[in-house]
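First, the structure itself, so that you have it in front of you.
The values are calculated or read from the model by the stated rules, or taken from the named source; none is laboratory data. Values in this document were obtained by computation on a predicted structure and should not be read as measured data. Cβ placement follows ideal geometry from the backbone for every residue including glycine, while neighbour counts extend to all protein chains displayed. Heads up: the accessible areas ignore ligands, DNA and RNA and are worked out on the full protein's heavy atoms, side chains in. Shrake-Rupley method; radii C 1.70, N 1.55, O 1.52, S 1.80 Å.
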Amino acid sequence: NNTVPGGDRTGGVFMKDYERLKMLEPPEGILDVVIDTDTATEVDDPFAVAYALLSPEKLRVQALCAAPFSMNERAQDPADGMEQSYRELLHLLDLLGMRGEYESRVFRGSRSYLSEKTPVPSPAADEIVRLALAHSQEHPLYVAAIGAVTNVASALLACPEIAERMVLVWLAGDDLDASPNVYNVYQDVKAAQVVFDSGVPLVHVPCTPVSSHLTTTMEQLEACIGGKNSLCDYLTESVRAYSDDLFAWSKPIWDIAVIAWLLSPDFAETEVTTSPIVTDNLTWSRDYHRHLIRNVKCFRRDAVFRDLFRKLSGVSPRP
């Protein structure tokens, strides 16, 4: 059964249901991964980037793409947010002792959001296209998106055929019974619409009530990774800065959810459903004739944090 995923929004790609379902299965073996991240907007991005880079048994990180952000107090406009994210990626590589290995794989992303459904050129979008074209349905590129998807949408608009060669795993809106009115969506609504309409095999990782379950506390951070190395100290102190009152306080580390799904199917429970429509009013609209996606329903919080903390604390100690 051929599906027409995009309706009249973008045209989408033609893929058979069984082809898309096969690509949406929990992945086996070692994966080629691009991480598309607004790294400087929130502490969860550095946790997620480090988690991926410290998981070579499963993930081969091919590129680190700086995504734009602006809708908080940290950035004046998308270009400023993207540049901050680019610098933060380099800073993380320094803390990990991996700058020499990965600096050439860090790419600046879009300097603006989509004003229309036309691509915003950037080195990051070009690299996503290049890497995806080097893959196939049988061995796709996995794109882990943990910010606004301007870079990814631009790549799909510039080269629609890559939708058949990649799997997008995106921390996007809240659960499909709730709302898409979440930071990673409302910053660039048109990019979100492009992605959900494109027909790209998509794993939707909801914020609430799914990745919101991945919380930690200062006491736990200090007990598990405190003093282990410069990276752990940086992450711990970044979390501490979020609150003046740490009593009975916890912090969601949202973005590690995307990396956790890539690492192990045992970390999450999911469902297969049809791709929602993101309306201009930032609501979900459902048409059950649309193409299929995978939607994450819950994470096994303790298993994810055990894996994360073990990997973070294993980074070489400070000199």
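Among the numbered conditions (1) surrounded by fewer than 18 Cβ atoms within 10 Å (Cβ to Cβ); (2) at pLDDT 95 or above; (3) closer than 23 Å to V205 by Cα; (4) among the hydrophobic types (A, V, I, L, M, F, W, C), tell me where M71 comes up short.
Going through the list (1) surrounded by fewer than 18 Cβ atoms within 10 Å (Cβ to Cβ); (2) at pLDDT 95 or above; (3) closer than 23 Å to V205 by Cα; (4) among the hydrophobic types (A, V, I, L, M, F, W, C), M71 breaks only (2).
Within region 47-66, can one find any residue that is modelled with pLDDT of 95 or more, among the hydrophobic types (A, V, I, L, M, F, W, C), open to solvent by less than 10 Å² (accessible area, probe 1.4 Å) and more than 30 Å from M218 (Cβ to Cβ)?
yes
State which residue is nearest to P26 (Cα to Cα) when the search covers only region 188-212 and only residues that are of a type in the set (S, T, N, Q) and in contact with a helix residue (DSSP H, G or I) (Cβ under 8 Å, 6 or more places away or on another chain). Walk me through how you get there before you give the answer.
Our first condition is that a residue be of a type in the set (S, T, N, Q); within region 188-212, this holds for 193, 198, 208, 211-212.
From what's left, in contact with a helix residue (DSSP H, G or I) (Cβ under 8 Å, 6 or more places away or on another chain): 198, 211.
On the way: S198: 21, S211: 18 Å.
The extreme case among them is S211.
Any idea which residue in region 119-152 is most open to solvent (accessible area, probe 1.4 Å), counting only those that are of a type in the set (A, V, I, L, M), outside any helix (DSSP H, G or I) and touching a helix residue (DSSP H, G or I) at 6+ places or on another chain (Cβ under 7 Å)? Before the answer, list the steps.
So in region 119-152, the residues of a type in the set (A, V, I, L, M) come out as 120, 124-125, 128-129, 131-134, 141, 143-146, 148-149, 152.
Now drop any that are not outside any helix (DSSP H, G or I), which leaves 120, 134, 141, 143-146, 148-149.
Retained after the next criterion (residues that are touching a helix residue (DSSP H, G or I) at 6+ places or on another chain (Cβ under 7 Å)): 120, 141, 143-146, 148-149.
Working: V120: 21, L141: 0, V143: 0, A144: 1, A145: 0, I146: 2, A148: 0, V149: 1 Å².
Per the stated criteria, the residue is V120.
So how many residues does region 228-245 have that are farther than 26 Å from D174 by Cα, aliphatic (A, V, I, L, M) and surrounded by fewer than 20 Cβ atoms within 10 Å (Cβ to Cβ)?
First, the residues of region 228-245 that are farther than 26 Å from D174 by Cα: 228-234, 236-237, 244-245.
Subsequent filtering for residues that are aliphatic (A, V, I, L, M) retains 231.
Adding the requirement that they be surrounded by fewer than 20 Cβ atoms within 10 Å (Cβ to Cβ) leaves none.
Qualifying residue count, region 228-245: 0.
Could you please give the count of residues in region 181-222 that are surrounded by fewer than 19 Cβ atoms within 10 Å (Cβ to Cβ), among the polar types (S, T, N, Q) and touching a Ser or Thr at 6+ places or on another chain (Cβ under 8 Å)?
Qualifying residue count for the region: 3.
Does any residue in region 153-180 that is among the aliphatic types (A, V, I, L, M) and surrounded by fewer than 18 Cβ atoms within 10 Å (Cβ to Cβ) come within less than 7 Å, Cβ to Cβ, of a residue that is modelled with pLDDT of 95 or more and assigned to a loop (DSSP other than H, G, I, E, B) six or more places away or on a different chain, and which pairs are these?
Note: pairs meeting the criteria are A158/P119; A178/T208.
At least 3 residues that are under 18 Å from the mean Cα position of the chain (by Cα) and of a type outside the set (G, A, S) in each: list the strands (runs of 3 or more DSSP E) lying fully within region 195-309 that qualify.
Values: elements: 202-205, 268-274, 292-299.
Fully inside region 195-309 and qualifying: 202-205, 292-299.
Yes/no matrix, rows are residues, columns are (1) surrounded by fewer than 15 Cβ atoms within 10 Å (Cβ to Cβ); (2) touching a Gly at 6+ places or on another chain (Cβ under 8 Å):
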| residue | (1), (2) |
| --- | --- |
| F247 | yes, no |
| I253 | no, no |
| E271 | yes, no |
| N281 | yes, no |
| H291 | no, yes |
| R306 | yes, no |
| S316 | yes, yes |
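Can you tell me which residue in region 77-96 is surrounded by the most Cβ atoms within 10 Å (Cβ to Cβ), limited to those that are closer than 16 Å to E42 by Cβ and among the aliphatic types (A, V, I, L, M)?
M82
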